[in-house]
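Enquirer: Got a structure for you, questions after.
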Amino acid sequence: MFGAGGGTSSYEEIERCDLIVLWGSNARETHPIFFHHVLRGIHDGARLIVVDPRRTASAQWADLWLGIDVGSDIALADTMAREIIVSGLQHDAFISRGTTGFDEYRDHVMDWTLERGSQVTGIPPEVIREFAHTYAEADRSELCWTLGITEHHNAADNVLALINLGLLTGHVGRYGSGLNPLRGQNNVQGGGDMGAIPNKLPGFQDVETDQAARDRFERAWGAPVPPKSGWHLSQMFDGMERGELTAAYVIGENPAVSEADQHRARKLLGGLDCLVVQDLFMTRTAELADVVLPATVAGVESEGTVTNSERRVQRIRRAMDPPGDARDDLWIIAEMAKRLGRDWGEVTAESAWNELRSLSPMHCGMSYGRLEALGGLQWPCPDEEHPGTRFLHARLWEEDPAKRGRLAPFTVTPFEPPVDELTEEFPVRLTTGRRLDSYNTGEQTGRYSSPLRRPETIDVSPEDATALGVADGEVVKVSSRRGSVQAPVRVDTGLRPGLAFMTLHFPEQVETNFLTIDAWDPKSGTAEFKATAVRIDRLSEAPA
Amino acid sequence: MDLRLIAAEPTEDEREAVDAVLGAPESGWEGGERTRLDGHVARGGRAQRERRHLLLPALQALQRRAGWITDGGMGYVCRRLSIPPADAYGVASFYALLSTEPRPRIVLHVCDDVACRVGGGPELLDRMRAAAGPDRAGHVVPSPCLGLCDRAPAAMVQLASKRGGHLQVAPADEGLLRPFIDGGSWALPHGSGRLPQLDDGRRDGLRLLRGIGRSTEQEAEDPQGPRERLSLERYRARGGSAALERAIELGPERVIAEVKTSKLLGRGGAAFPTGVKWEAVAGQAARPHYFVCNADESEPGTFKDRVLMEEDPLAIVEAITVAGFATGAQRGYVYVRGEYPVATRRLENAIAEARGAGLLGEDVLGSGFSFDIEVRVGAGAYIAGEETALFNSIEGYRPEPRNKPPFPVERGLFGKPTGINNVETLLNVLEVLRIGGEEFAGIGTEGSTGTRLFCLSGCVEEPGLYEVEFGATLRDLLELAGGIRGGRGLRAVLLGGAAGTFVGPDDLDIRLTFEDARAGGYTLGSGVVCAFDDTIDMADIVLRIAAFFRDESCGQCVPCRVGTVRQEEALHRLHAGRAFGSVDQETALLGDIAAGMRDASICGLGQTAASAVMSALKLGLFPTGAAR
């Protein structure tokens, strides 16, 4: 957020706020631990509003559910913004103190009348109005989102549109008010923090613009750091297609299954000169590899830290020895360096961490000793006296302009509908997502039985099932502009006519990502998994 | 709440019955027609969860309509209120008058509890079972006390239909009950009960019973039960509403001061000072405050509150209003036990009358005070009379008692400060306001001011409801009721109800005051005086009491759940002459069980479940095998 990619609030604040908004998030199923904090908030009187095309398990807990049309989030956000402004509910003091670019933003959203917003989003005008007023008027509002916002071709703009709402109402940088992307794993946040982002060094230091930071890293590493952003995953695949990228070292990722438009992804991976995969399991990607390096399970077989959605760094500890020839990731990487001619000596989790602390100011105060004694610390934590930071951007509220630092910019976000258009041929909007008892491509969860797990289905509304003349369980053909798969139908009242849902948990049964489009967001590199145009046919009637 | 509902659908009848309680569904999500709008908007959350308190009324509507709660009906209620079916099932299965299994549309509940046990209850039950025959066995079931003990044997008919409900039958006999099994027309005895002091001019000194019948007129002879007409004018002409007017004149603080001066103690069993309780509620900063009238009179042998509600309902409404005024409440509840259909109907009528005359609602009597009362009906659970269990029942949860503290004055109904008093206690408040706290304090004894209602039943000449000034002895009471019927010898008196104690013929001179009871180790309880003559099989009575507690224990805490079962088992072994080890070992075990339940149970049920049993053993009322 405003430079540092992390949620601004603490879990504790979710429990103590007046309004929780889950936008494009089914946290009840996909962030079950986080949802416990939501439930506690609800129990103590917080209202919950859920924005999601489907009426999900999370939406069933909500005081108000807005069943938005897929991909119209910016329209909803900007319509709310206009309503807030014309009702005089914007936080003028915060806007003038902590932000820039308000006038341009205001002019932009003025086109978004309730009527226009309603036409684009499918939400009745009075409900948009109610949502806008509730959000703006709450003393403490927490706005949380997940992949429903980011798995779009305009992901970054979607996020910025939500951030605009927080800035407009002053719901950021205060206790109980914040803007929070929810992280899907125990350490997605940590991955970004450590620099696993094409344009950032560890600690969100910009690789292109931050000369001082680059100097520090060069001194510590004894090697030059090119002042040039790397590629994100979608760019890498484009690079493979152009023949510019010919070797890949894949650690703990399964792009042969998780990438959109899998036909293409597998073809490109298979065509590389050299593919090295480092993983716990023999994944579909590993099957394509020249070399497979068996790794260890973080938190069970190896030492280190993880960072959760509230920016809390926590120690994890080795509990058992890894099986067979499996090796700690750190060991593998250090050994790789050695074979390439750079001997780093003995690298331990703590020595790597201490190097990070010497280079990333926001981690500086987090010694292993403090992390253990305090049960983790929230960044930024610049020195060993610092208690960690419960919520970010309090600085924007400072009276002294010097203390405010870089102000938070409003960003004008143009509305663009999903790339994969609905037509007579492909009339149904397919959106994808996850279920409670499975995780992404199923590599880590499919091996274990679950009493709740059911096989892949194409979920459709009762109305569509009737119109198609299909019954629960009947196998149908689902086709997009890229391919087709077969899956059994499951009737779900949480869906409305014209909206269908699939997961990506069971690639062995149904290769959902044969259908999805690989249109991706140039700013973030995320593909539009959430919006595919499909047609559904009965097998007996399906064209060959 | 993310629900996993069973697929069964409600019938049109069930839907209609539930909608009558909850209103028509507002969206497809709630079970109505699915519209285009439902694809884009749903409301629920807190607004829906806050309707949880309508769960029991909705389940009762299903029971009344279909005779049992079907999966489809239950599923519909759960969808409407966003309650997981397992949770709702936990509530439904708690109550004896609700069934989650198929049940006939007409069920006869024949009382075989202590008072009816000596009044022909078990024999009537046998005859009705024989009349129903094995094919219709589910038509006739034994019942715990129905609160009609003065006219034993008692029965209640549970009817399921569009206009279903309960009918009280007392005194019951085979002829009256046969039509409910065989079909055909039926007629029932009228009247609320025996009030010998009113019948034969012994009215002097009556304070609580003086208003009996003052506002009701028998309108027409109707075989389906007495049809009453309530008249607020009649009530007012005979002193009604004066206490409320006086209260408004005094203001809340001085009302509480008067009640404190009166030294009025609660009549529900715990004898807590009413004024102190009210003051504690009034002083709580949290809002809103609630006031609850506990009319879940279920202690075996007790029927006083029923008579008051049936025969002086406007006074109850007035007293609750005064209490609400004093404690700063805006909403009152009367929780009437499900076995009291007449009291329920009359209270509802009285509330409507009072509302119509500006005695309830916005700006009561132009005072600026707003207050309204809602009647809630129980569904057959003795434990729901425990005050915190009663709150849970109103809130739509299983009526299991809560741990205390916090006490209701701090966190009661819906977690808010709540005053709760029994019907008789509240009626006394009207008298306090009529004559003033000081004069009231001069009635009775130093530690027990005012008068007390006693429910005389069993083997007395004139069973019925009696009012005496505190200070009277047990002997006085028995004499008031004409002594033991047929001039027979007295074997024992059960004083205070099943949770009370047995008193032997040598102890009839005990004074029935709170202070004497405390000092003497007995209890006045709910004012039960059930006499047993020397023909009665006392072991049978004691076993029935043990069975009662085993059946009514909510099962929440171990001492009571296990203790009530073990107590009954040990008594049966002793009774059968098959003691484990020796008789002494069994009686020692009973003593240990009693101590465990008394010391470690969460609520009064477990704490008193061994009281009558232990006193019976002490008095030698329960043959302990040696003689067998």
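Enquirer: Would you list the helices (runs of 4 or more DSSP H) that sit entirely within region B:376-448 and hold 2 or more residues that are out of contact with any Pro (no Cβ under 8 Å at 6 or more places or on another chain) and under 18 Å from B:GLY338 (Cβ atoms)?
Expert: B:387-395
Enquirer: So, one more: Within the set of pairs 6 or more residues apart or between chains, which connect a residue that is touching a residue at least 12 places away in the same chain (Cβ under 8 Å) inside region B:34-53 to a residue that is assigned to a loop (DSSP other than H, G, I, E, B) with Cβ atoms less than 6 Å apart?
Expert: B:ALA42/A:ARG55; B:GLY44/B:SER82; B:GLN48/B:SER82; B:ARG52/B:GLY396; B:HIS53/B:GLY396
Enquirer: Can you tell me how many residues in region A:32-63 are of a type in the set (Gly, Ala, Ser) and under 25 Å from A:LEU495 (Cβ atoms)?
Expert: Qualifying residue count, region A:32-63: 4.
Enquirer: Oh, and also: What about A:THR466, is it more than 15 Å from A:ALA531 (Cβ to Cβ), modelled with pLDDT under 95, within 14 Å of chain B (Cβ to nearest Cβ) and surrounded by fewer than 21 Cβ atoms within 10 Å (Cβ to Cβ)? Full working, then the answer.
Expert: Numbers: more than 15 Å from A:ALA531 (Cβ to Cβ): yes; modelled with pLDDT under 95: no; within 14 Å of chain B (Cβ to nearest Cβ): yes; surrounded by fewer than 21 Cβ atoms within 10 Å (Cβ to Cβ): yes.
The answer is no for A:THR466.
Enquirer: Of the numbered conditions (1) assigned to a helix (DSSP H, G or I); (2) crowded, with 22+ Cβ neighbours inside 10 Å, A:PHE131 satisfies every one except a single condition; which is it?
Expert: Result: A:PHE131 fails condition (2) only.
Enquirer: I've got another one for you. Kindly provide the set of residues from region B:24-48 that are more than 9 Å from chain A (Cβ to nearest Cβ) and either in a helix (DSSP H, G or I) or of a type in the set (Ser, Thr, Tyr) (or both), ordered by number.
Expert: Once the filter is applied, which keeps residues that are more than 9 Å from chain A (Cβ to nearest Cβ) and either in a helix (DSSP H, G or I) or of a type in the set (Ser, Thr, Tyr) (or both), region B:24-48 yields B:SER27, B:GLU30, B:THR35.
Enquirer: So, restricting to strands (runs of 3 or more DSSP E) that lie completely within region B:459-514, which ones have at least 1 residues that are small (Gly, Ala, Ser) and touching an Asp or Glu at 6+ places or on another chain (Cβ under 8 Å)?
Expert: B:464-469
Enquirer: Within region B:338-363, restricting attention to residues that are buried (at least 23 other Cβ atoms within 10 Å of the Cβ) and small (Gly, Ala, Ser), which residue is nearest to the chain's Cα centre (by Cα)?
Expert: Across region B:338-363, the extreme among qualifying residues is B:GLY338.
Enquirer: Hey, can you tell me all the residues within region B:387-399 that are out of contact with any helix residue (DSSP H, G or I) (no Cβ under 6 Å at 6 or more places or on another chain) and either free of Cβ contacts under 8 Å to residues at least 60 places away in the same chain or within 23 Å of B:SER143 (Cβ to Cβ) (or both)?
Expert: Across region B:387-399, the qualifying residue is only B:ASN392.
Enquirer: Sort out which residues of region A:68-88 are touching a residue at least 12 places away in the same chain (Cβ under 8 Å) and at positive phi, and write them in order of number.
Expert: Result: A:GLY71, single match.
Enquirer: Cβ contacts < 6 Å: first residue at the interface with chain B (Cβ under 7 Å from one of its Cβ atoms) and surrounded by 24 or more Cβ atoms within 10 Å (Cβ to Cβ), restricted to region A:48-67; second residue outside any loop (DSSP other than H, G, I, E, B) and small (Gly, Ala, Ser), any location; separation 6+ or different chain. Result?
Expert: What qualifies is A:ARG55/B:ALA42; A:TRP65/A:ALA59; A:TRP65/B:ALA42; A:GLY67/B:GLY39.
Enquirer: When you go through (1) in contact with a helix residue (DSSP H, G or I) (Cβ under 8 Å, 6 or more places away or on another chain); (2) modelled with pLDDT under 90 one by one for A:VAL250, which number turns out not to apply?
Expert: (2)
Enquirer: Consider A:PRO226 against the criteria (1) in a loop (DSSP other than H, G, I, E, B); (2) out of contact with any helix residue (DSSP H, G or I) (no Cβ under 6 Å at 6 or more places or on another chain); (3) surrounded by 13 or more Cβ atoms within 10 Å (Cβ to Cβ): it satisfies all of them except one. Which criterion is unmet?
Expert: (3) is the only condition that A:PRO226 fails.
Enquirer: Out of everything in region B:57-112 that is crowded, with 23+ Cβ neighbours inside 10 Å and of a type in the set (Lys, Arg), what residue ends up being nearest to the other protein chains (Cβ to nearest Cβ)?
Expert: Checking each candidate, the answer is B:ARG80.
Enquirer: Being part of a loop (DSSP other than H, G, I, E, B), in contact with a strand residue (DSSP E or B) (Cβ under 9 Å, 6 or more places away or on another chain) and modelled with pLDDT under 95: is that true of A:GLU456 here?
Expert: So A:GLU456 fits the description; yes.
Enquirer: Now, a different point. Counting just the residues of region A:25-38 that are free of Cβ contacts under 8 Å to residues at least 40 places away in the same chain and surrounded by fewer than 19 Cβ atoms within 10 Å (Cβ to Cβ), which one comes out nearest to the other protein chains (Cβ to nearest Cβ)?
Expert: A:HIS36
Enquirer: Among the residues of region B:459-518, which ones are under 22 Å from the mean Cα position of the chain (by Cα) and not hydrophobic (A, V, I, L, M, F, W, C)?
Expert: B:PRO463, B:GLY464, B:TYR466, B:GLU467, B:GLY496, B:GLY497, B:GLY500, B:THR501
Enquirer: Name the single residue that is surrounded by the fewest Cβ atoms within 10 Å (Cβ to Cβ) among those in region A:398-430 being in contact with a strand residue (DSSP E or B) (Cβ under 7 Å, 6 or more places away or on another chain) and not in a loop (DSSP other than H, G, I, E, B).
Expert: This residue is A:PRO409.
Enquirer: When you scan region A:403-420, do you find a residue that is closer than 23 Å to A:VAL172 by Cα, of a type in the set (Asp, Glu) and at pLDDT below 95, even just one?
Expert: no
Enquirer: Considering only residues that are of a type in the set (D, E, K, R) and either touching a residue at least 60 places away in the same chain (Cβ under 8 Å) or facing chain B (nearest Cβ under 10 Å) (or both), which ones fall in region A:120-141?
Expert: Residues satisfying the conditions are A:GLU126, A:GLU130, A:ASP139, A:ARG140.
Matching residues to (1) of a type in the set (Gly, Ala, Ser); (2) farther than 30 Å from A:ARG47 by Cα; (3) part of a helix (DSSP H, G or I):
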| site | (1), (2), (3) |
| --- | --- |
| A:GLY230 | yes, yes, no |
| A:GLN235 | no, yes, yes |
| A:ALA265 | yes, yes, yes |
| A:GLN278 | no, yes, no |
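Enquirer: Also, quick follow-up: Tell me, which residue of region A:68-119 that is over 20 Å from A:PRO418 (Cα atoms) and among the aromatic types (Phe, Trp, Tyr) is surrounded by the fewest Cβ atoms within 10 Å (Cβ to Cβ)?
Expert: Among those that are over 20 Å from A:PRO418 (Cα atoms) and among the aromatic types (Phe, Trp, Tyr), it is A:PHE102.
Enquirer: Within region A:469-479, which residues are within 12 Å of chain B (Cβ to nearest Cβ) and aliphatic (A, V, I, L, M)?
Expert: Across region A:469-479, there are no qualifying residues.
Enquirer: Can you name every residue in region B:1-15 that is surrounded by 14 or more Cβ atoms within 10 Å (Cβ to Cβ) and without any contact (Cβ under 8 Å) to a residue 24 or more places away in the chain?
Expert: Matches in region B:1-15: B:ASP2 only.
Enquirer: If the requirement is being outside any helix (DSSP H, G or I) and surrounded by fewer than 24 Cβ atoms within 10 Å (Cβ to Cβ), which of these qualifies: A:ASN186, A:ASN180?
Expert: A:ASN186 is the lone residue from the list that is outside any helix (DSSP H, G or I) and surrounded by fewer than 24 Cβ atoms within 10 Å (Cβ to Cβ).
Enquirer: Then there's this: Out of contact with any Phe, Trp or Tyr (no Cβ under 8 Å at 6 or more places or on another chain) and either within 9 Å of another protein chain (Cβ to nearest Cβ) or over 16 Å from A:THR146 (Cα atoms) (or both), is that true of A:HIS43? So that I can check it myself, show each step before the final result.
Expert: Numbers: out of contact with any Phe, Trp or Tyr (no Cβ under 8 Å at 6 or more places or on another chain): yes; either within 9 Å of another protein chain (Cβ to nearest Cβ) or over 16 Å from A:THR146 (Cα atoms) (or both): yes.
Against the criterion (out of contact with any Phe, Trp or Tyr (no Cβ under 8 Å at 6 or more places or on another chain) and either within 9 Å of another protein chain (Cβ to nearest Cβ) or over 16 Å from A:THR146 (Cα atoms) (or both)), A:HIS43 qualifies.
Enquirer: Criterion first (touching a His at 6+ places or on another chain (Cβ under 8 Å) and either away from chain B (no Cβ under 14 Å) or outside any loop (DSSP other than H, G, I, E, B) (or both)) does A:SER450 satisfy it?
Expert: no
The values are calculated or read from the model by the stated rules, or taken from the named source; none is laboratory data. None of the values given here were measured: they were computed from a predicted structure. With ideal geometry, Cβ positions are generated from the backbone for all residues, glycine too; neighbour counts draw on all protein chains shown.
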